[in-house]
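Okay, structure first, notes after.
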Amino acid sequence: MKVAIDCDDAGLPLKPIIVNHLRSLGVETVDLDLTAQTKVDYPDIGYNLAKRIAAKEYDRGILICGTGLGMAMVANKVEGVFAGTCHDTFSAERLCKSNNAQVLTMGARVIGPELAKSIVSAWVKSEFEGGRSQPKVDRMRELEGQEVAKSKSTGAPVVPKAC
Ligand code: RB5
């Protein structure tokens, strides 16, 4: 499994701990480190990683910000990518087993490094189970396809403006 990881300024203390942990588990890990190249906030960092997942450069991704929420929101805007914020090991397992999501997001201001490492261990071990979850995941993809087709035909932006 090849995993890409990145974070914003709020995630900087946690990211190296997770990189080392992934490598100690034998997971091939690439730190995209977009923040080191240019000063950008979580929307562009999350978008960059999610586009690379969609392009199948990496199998999975981890995004860390203050809460994990903004990173999940932006990653879910990319067609073909499912992301979820997990701050417990059960959710991290279900993110893969039930939801077939490729991207895990965590909040460095919400959890400590030891819990974050346990979450990552649970996530790495988990694979999509199919079965009763398959039609639900298929339906999410179908709805996503409808939204993309609609925005292409109307010229409306894929990312709508907030209220
Ligand atoms: C800081 O920019 C903070 O808003 C960010 O790290 C994240 O928590 C957003 O969801």
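Each reported figure results from applying straightforward, stated rules to the coordinates on display, with no laboratory input. Note that the coordinates shown come from a computational prediction; the quantities given were computed from them, not determined experimentally. Cβ placement follows ideal geometry from the backbone for every residue including glycine, while neighbour counts extend to all protein chains displayed.
What to note about this one:
- Distance from the range 13-56 to the range 75-117 (C-alpha centre basis), Å: 14 Å
- Cα-centre dipole for the chain with unit charges at Cβ (Lys and Arg positive, Asp and Glu negative), debye to 20: 320 debye
- Rounded to the nearest 20 debye, the dipole size of the range 86-146 about its Cα centre is 60 debye, using +1 on the Cβ of Lys and Arg and -1 on the Cβ of Asp and Glu.
- Ascending count of other beta-carbon atoms within 10 Å, so fewest first, for ASP8, ASP41: ASP41, ASP8
- Given charges at Cβ of Lys, Arg, Asp, Glu: the range 80-163 dipole, positive-most of VAL120, SER133, SER153: SER153
- Residues in the range 22-45 reached by a label modelled at ASP9 [backbone nitrogen below 19 Å; 7 Å Cα→Cβ]: 33-45
- Candidates SER98, SER118, SER151: whichever shows maximal mean-square fluctuation once the chain is modelled as a Gaussian network with Cα springs under 10 Å: SER151
- Residues considered: LYS39, LYS97, LYS117. Largest GNM mean-square fluctuation over the chain, using C-alpha springs under 10 Å, is found at LYS39.
- Net charge dipole, the range 1-57: roughly 240 debye, given to the nearest 20, about the Cα centre with Cβ charges of +1 for Lys and Arg and -1 for Asp and Glu.
- For chymotrypsin sites (Phe, Trp or Tyr not before Pro), the sites in the range 51-131 that DSSP calls loop and that have at most 16 other Cβ atoms within 10 Å are PHE128.
- In terms of other Cβ atoms within 10 Å, THR38, THR105 run from fewest to most in the order THR38, THR105.
- Across the range 1-99, Cα pairs under 8 Å and at least six residues apart give a relative contact order of 31 percent.
- Database remark: amide H of THR105 closer than 5 angstrom to the amide H of LEU63, GLY84, THR85, CYS86 (H placed geometrically; neighbours at sequence offset of 5 or more, or on other chains; Pro and chain starts carry no H).
- Among CYS86, CYS65, SER24 - extreme Cα towards positive end, dipole of the chain, charges at beta-carbon: CYS86
- Residue among MET106, MET71, MET140 with the largest mean-square fluctuation in a Gaussian network model of the chain, springs linking Cα atoms under 10 Å: MET140
- Note on MET140 and SER153: their simple-model spin labels are 2.5 nm apart, each label 7 Å out from Cα toward Cβ.
- Projecting the Cα atoms of GLN37, ASN99, VAL110 onto the charge dipole of the range 1-110, computed from C-beta unit charges around the Cα centre, puts ASN99 farthest toward the positive end.
- Amide hydrogen neighbours beyond the local backbone of CYS7, cut-off 5 Å, H modeled: ASP33, LEU34, THR35, ILE64
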